[in-house]
1. Answer yes or no: is there a residue in the stretch 318-332 that is under 18 Å from PHE54 (Cα atoms), surrounded by fewer than 23 Cβ atoms within 10 Å (Cβ to Cβ) and within 16 Å of the ligand (Cβ to nearest atom).
2. Using beta carbons and a limit of 8 Å, which pairs, at least six apart or on different chains, have the first residue in the stretch 226-243 and more than 22 Å from MET106 (Cβ to Cβ) and the second one away from the ligand (no atom under 14 Å from the Cβ) and charged (D, E, K, R)?
3. Six or more apart or on different chains, Cβ under 6 Å: which pairs go from a residue in the stretch 298-310 that's farther than 15 Å from PRO43 by Cβ and touching a residue at least 40 places away in the same chain (Cβ under 8 Å) to one that's buried (at least 23 other Cβ atoms within 10 Å of the Cβ) and of a type outside the set (Val, Ile, Thr)? Could you list them?
4. I want to confirm something. Restricting to the stretch 229-258 and keeping residues that are within 14 Å of the ligand (Cβ to nearest atom) and β-branched (Val, Ile, Thr), which single residue is nearest to SER394 (Cα to Cα)?
5. Out of all the residues in the stretch 24-53, which are in a helix (DSSP H, G or I) and either among the acidic types (Asp, Glu) or away from the ligand (no atom under 16 Å from the Cβ) (or both)?
6. Quick check on the stretch 240-262. Is at least one of its residues surrounded by 24 or more Cβ atoms within 10 Å (Cβ to Cβ), of a type in the set (Lys, Arg) and out of contact with any Pro (no Cβ under 7 Å at 6 or more places or on another chain)?
Amino acid sequence: MNEKTSLARPNTVLARAGFTSGFGVLAATLGSAVGLGNIWKFPYLTGANGGASFLLVYVLATLLVGLPVMMAEISLGRVGKANPISTLQALAPKGQPWWLIGVAGMLGAFLILSFYSEVVAWVFAYVVKAMRGSILSSDPQVTGAAFNALISDPMQSLLWQWGVLLFIGGILLMGVTKGIEAVTKKLMPILFLLLLLLCAVSLSLDKAWEGLVFLFHPDFSKITASVVLTAMGLAFFKLSIGMGTMMTYGSYFRDDQNIPLTTLRVMAADLSISMLAGIAIFPAVFTFGFAPTAGPSLVFITIPAVFSQIPMGQSLMVVFFVLAAIAATGAMLSLMEVPVVILHERLGLTRPKATLLTIFLLVILGSTSALSNSTLADFKLFGMTPFDLFDFVSSNIILPGGGIFIALFVGWVWGFDKFGGALTNKGHLQNQKVAQAVFFLLRYVSPALILVVMLKGLNLF
Ligand code: TRP
């Protein structure tokens, strides 16, 4: 049986576990959204793309494109009650290939996971480094060298990554409800409190003000087409949309869950956590003379310098990286859930086998990301290392592309009655106005906006 025909095979009905409580749904969805996107990607992209003006475009993209697409995905998932491929197949008219969005999403999940797992590997390695105190220094040279020593060592990069993959696989093997829900429920509130503490410390630094001006005072001359695409890609990445994660999580939602309200809460909490991460980092960057444009290394080289300056710095740094690891775990769980559930429900593998196969594939593909700063540093495709390429292609092409098709599907094929029914729980909730506005965005605004930003940002027109 070749892969294509088996993927297109109608879904056999399988018993599915779901989230058991309203808070569990919120916590797990938030657990997917909040991750290294907040703590690693958001600060370094904001730093590299001009600060406040980037932040502004990012917030606009989240509202105009992110929110509608997220509500669309969750609604489709909850009505379809299956993996993204089966859901789209069931909801589309016979013979129309909308299920390909699910296939693209699965590929996207593998691309994202292959570099994401490596960044998580750095975070795990930093927990250990922080405990040993070996990276605590205010000298940018020293913290930079410590980071480079880690990422340019092929053995360390690979072994930490494999450890991360096994760890996440172990949680997934425990099953949807017990695994994801139990883990995220306990950890999310702790994460929030720890970040607040870090902000308080950073705001008390000498040049905290400069950091705040950078983060909140926009300079519009910094906005270019590629900055806009980067900001929109980050909006998709942050909300975990465009590739079926939210569709999959939507399939675990209960029928009485208020989808617009849950979406808004997740967006607001996710944005707040990104802002807190920014407020924790930029005052420090300016106080100690780091370059906000440092790129992917920003968090890893700045944070140790900050902590070296304050009382109990070493313990607080352990706290910070444990916190980042926790956030990253919830996000990775949700990313892995997509290929696992597709392999399980479409190809009939048991969940444990589907999980093991996913991990095995990631060990192989992920190694190319792990080795991107050492053995494979000179191996470039389109001028990018595998790590950079996977990151670029997923955030700037696959996620926004998936977003276009999800919006078009809901706006023009699935239609207002069904979408409105999902947002109002068949009329039980007072969400009629919201449903109309969001449907209008999905039908006319989001797809066109995403397309223009993509074409301009990729320099295609
Ligand atoms: N949103 C997560 C983060 O910020 C990453 C993530 C999880 C993701 N699931 C996703 C990104 C699905 C894109 C698509 O770290």
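1. no
2. VAL228/LYS456; LEU229/LYS456
3. Cβ pairs passing all conditions: PHE307/MET317.
4. By that ranking, first place goes to ILE241.
5. Selection gives GLY24, GLY47, ALA48, ALA52, SER53.
6. No, that holds for no residue.
Residues checked against (1) over 17 Å from the mean Cα position of the chain (by Cα); (2) within 30 Å of ALA435 (Cβ to Cβ):
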{"position": "LEU203", "(1), (2)": "yes, no"}
{"position": "LYS207", "(1), (2)": "yes, no"}
{"position": "GLU210", "(1), (2)": "yes, no"}
{"position": "PHE220", "(1), (2)": "yes, no"}
{"position": "PHE237", "(1), (2)": "no, yes"}
{"position": "GLY250", "(1), (2)": "no, yes"}
{"position": "ASN258", "(1), (2)": "yes, yes"}
{"position": "SER274", "(1), (2)": "no, yes"}
{"position": "ALA284", "(1), (2)": "yes, no"}
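Each row is one residue, and each column tells you yes or no for (1) outside any helix (DSSP H, G or I); (2) within 30 Å of GLY403 (Cα to Cα).
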position	(1), (2)
ILE273	no, yes
ILE281	no, no
VAL285	no, no
GLY289	yes, no
LEU316	no, no
PHE320	no, no
ALA324	no, yes
ARG346	no, yes
ALA354	no, yes
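Only the coordinates and a few stated rules stand behind these numbers; no lab work does. Since the model is a prediction, treat every value here as computed from it, not as a measurement. For neighbour counting, all protein chains shown are included, and Cβ atoms are generated from backbone atoms with ideal geometry for every residue, glycine included.
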